[in-house]
1. Right, GLU118: assigned to a helix (DSSP H, G or I) and either farther than 20 Å from SER40 by Cα or touching a Lys or Arg at 6+ places or on another chain (Cβ under 8 Å) (or both) or not?
2. From the list ILE125, ILE129, ILE113, which one is touching a residue at least 24 places away in the same chain (Cβ under 8 Å), of a type in the set (A, V, I, L, M) and not in a helix (DSSP H, G or I)?
3. From the residues in the stretch 41-78 that are in a loop (DSSP other than H, G, I, E, B) and closer than 17 Å to THR101 by Cβ, which one is modelled with the highest pLDDT?
4. Among (1) in contact with a helix residue (DSSP H, G or I) (Cβ under 9 Å, 6 or more places away or on another chain); (2) part of a helix (DSSP H, G or I); (3) not hydroxyl-bearing (Ser, Thr, Tyr), where does ILE187 come up short?
5. May I ask you to list pairs of residues, at least six apart or on different chains, whose Cβ atoms are under 7 Å apart, with the first in the stretch 144-172 being within 10 Å of ALA206 (Cβ to Cβ) and the second being buried (at least 16 other Cβ atoms within 10 Å of the Cβ) and of a type in the set (D, E, K, R)?
6. Consider ASN173 against the criteria (1) under 23 Å from ASN211 (Cα atoms); (2) among the polar types (S, T, N, Q); (3) not in a helix (DSSP H, G or I): it satisfies all of them except one. Which criterion is unmet?
7. So, in the stretch 177-204, how many residues would count as being surrounded by 11 or more Cβ atoms within 10 Å (Cβ to Cβ), without any contact (Cβ under 8 Å) to a residue 40 or more places away in the chain and out of contact with any Lys or Arg (no Cβ under 9 Å at 6 or more places or on another chain)?
Amino acid sequence: MRIPFLNMFMTSPFEGLQEHAEKVKECTWAFQQAIACYLSPKCKTFEELRDEVTRLESEADAIKRRIRGHIPKRTMTPVSTFLIFRYLKQQDGVLDAVEDTLDWISYRSETKIPAELEKDFALLINAVIDPIEKLASMVAEARQYFKSYSEKQRVVVKNIIHTLHQQEREVDNFEYIIKKKVFNMEIDAVSIIYLVRLTEIIGSIADHAQNAGDMMNAMLSK
């Protein structure tokens, strides 16, 4: 018989994971606004929005440190601290990739997205937002599962993980489309490198979200 996971902690590690996931989700608005600003020649608030993402990343780091510091080292649990920390690393990687995207953009003083690619980049950004927001739902549902070990609740979490995989494949498709267009455009080599790398960094947001789903799947199987 499984011992309810949350009963083995004064404070459940899933409370911290959910708080961290909500902080990651919180950054989506500033991220979307920053990208929209970057694509608009009239917008002057990109750096402010980038600073907002940096602030949220710093707050998420504080939550991450608290989670790592408050799980008893010798407590026996159905889910190992190793898996919890690996999950946290991937969830944190989502926010790091968001910040890396805006940092990469900031290296060029003027907008360098060709007009014919703006729609494609908008679709790519929209595609990576969904996985970010799914993480908070996944952790909340997993938290309920580890309270009850209900098979019905387990299926709910597994379905979210499946959705994350589908969303990551969609992002891969948008990446492919953009890269193919970039390599067939008559632009300078620096612009090619810049656009391809920007596409890859944005795509890595969904990669980390999918990896977080895989870590959650591993926890469900224990």
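The values are calculated or read from the model by the stated rules, or taken from the named source; none is laboratory data. Owing to the predicted nature of the structure, the values given are computational and were not obtained by experimental measurement. A quick note on method: Cβ atoms are made from the backbone with ideal geometry, for glycine too, and the neighbour counts reach across all protein chains shown.
1. Working: assigned to a helix (DSSP H, G or I): yes; either farther than 20 Å from SER40 by Cα or touching a Lys or Arg at 6+ places or on another chain (Cβ under 8 Å) (or both): no.
Considered against the rule, which asks whether it is assigned to a helix (DSSP H, G or I) and either farther than 20 Å from SER40 by Cα or touching a Lys or Arg at 6+ places or on another chain (Cβ under 8 Å) (or both), GLU118 comes out as no.
2. So the residue among ILE125, ILE129, ILE113 that is touching a residue at least 24 places away in the same chain (Cβ under 8 Å), of a type in the set (A, V, I, L, M) and not in a helix (DSSP H, G or I) is ILE113.
3. Residues of the stretch 41-78 in a loop (DSSP other than H, G, I, E, B): 41-45, 71-78.
Among the residues that remain, those that are also closer than 17 Å to THR101 by Cβ are: 43, 45.
On the way: CYS43: 85, THR45: 92.
Within the stretch 41-78, the match that is modelled with the highest pLDDT is THR45.
4. (2)
5. Final answer for the pair search is LEU164/LYS134; GLN167/ASP130; GLU168/ASP207.
6. (3)
7. To start, the set of residues in the stretch 177-204 that are surrounded by 11 or more Cβ atoms within 10 Å (Cβ to Cβ) comprises 177-179, 181-183, 185, 187, 191-204.
Restricting the remaining residues to those that are without any contact (Cβ under 8 Å) to a residue 40 or more places away in the chain gives 179, 183, 192-193, 196, 200.
This time we only want the ones that are out of contact with any Lys or Arg (no Cβ under 9 Å at 6 or more places or on another chain), so: 179, 183, 192-193.
Qualifying residue count for the region: 4.
Residues are listed down the side, and each one gets a yes or a no for (1) closer than 19 Å to VAL24 by Cβ; (2) at pLDDT 95 or above:
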residue: ASP130; (1), (2): yes, no
residue: VAL139; (1), (2): yes, yes
residue: ARG143; (1), (2): yes, no
residue: TYR149; (1), (2): no, no
residue: VAL157; (1), (2): yes, yes
residue: ILE161; (1), (2): yes, yes
residue: GLN166; (1), (2): no, yes
residue: LYS179; (1), (2): no, yes
